[in-house]
Ligand code: DX5
Ligand code: ZN
């Protein structure tokens, strides 16, 4: 069986205090930090890129970092992102015409590779690349912003993946919190990204623990 890993998204945290916020989440039991990189083209928003992640790595030497690359040209940022100390490079298949090639380059750069799909992309579209990837990300909101409503109908994608790939790492991202985690757990997701539900809580440690318990039970 696959075990739950909880990766808080710092998107809606105080980005001017990214290192402190990340460390606080790790101290609260986060298994990894989910870093939302947006380029203003693939999604209608801009956040930050590898220069900031590199500074964050200097402040936090040991944590597992995922960058969620919401960018139009995923191949372009592989080398500098690996150099910034990221372990998992998750990109979207939608803008990409050479997915297998990009996956190979990510691995050659020393990172694991995640493949994400937006809500309107079918799970079959990503299934053909599973052998090239280490993880599949099912978006449960339209990417671009934190704090949106969880899309329950995405759970059929997770269920389909889990039934066909029992040991695959399957990540969900968008609107996941204590009110929606049971749907994710039942469908078979094991990598849980949660933004506002964790960073906006007065007790992030309890939220992280309860998210993990919901998946592992
Ligand atoms: C959305 C991002 C998510 C988001 C998660 O584009 O990829 O990681 O910030 O935040 P919540 O949990 O608030 O939806
Ligand atoms: Zn994300």
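For this structure, a couple of remarks:
- Region 27-78 and region 163-217: distance between their alpha carbon centers, rounded to Å: 20
- For the options 138, 33, 130, a Gaussian network treatment of the chain with springs between C-alpha atoms closer than 10 Å singles out 130 as fluctuating the most.
- Note on residue 131 and residue 94: the extension gain reaches 11.5 nm, defined as 0.36 nm multiplied by sequence separation minus the Cα-Cα distance.
- When the chain is treated as a GNM with alpha-carbon contacts under 10 Å, the residue of 119, 80, 61 showing the greatest mean-square fluctuation is 61.
- Note on region 99-161: Cα convex hull, mean projected area over all directions, 4.7 nm².
- Tail beyond 25 Å, pair distance distribution of region 1-106 (Cα, percent): 20
- Normalised by the number of residues in the chain, the average gap of Cα pairs under 8 Å and 6 or more apart makes the relative contact order 22 percent.
- Residues in region 116-151 reached by a label modelled at residue 24 [backbone nitrogen below 11 Å; 7 Å Cα→Cβ]: none
- Across region 60-217, Cα-Cα pairs farther apart than 24 Å form 32% of the total.
- Max mean-square fluctuation residue, GNM over the chain, Cα-Cα springs under 10 Å, options 32, 89, 129: 129
No value in this document is a laboratory result; all are computed from the given coordinates. Worth saying up front: this structure is predicted, and the values here are computed from it rather than measured. Note: ideal-geometry Cβ built from the backbone for every residue, glycine included; neighbour counts use all protein chains shown.
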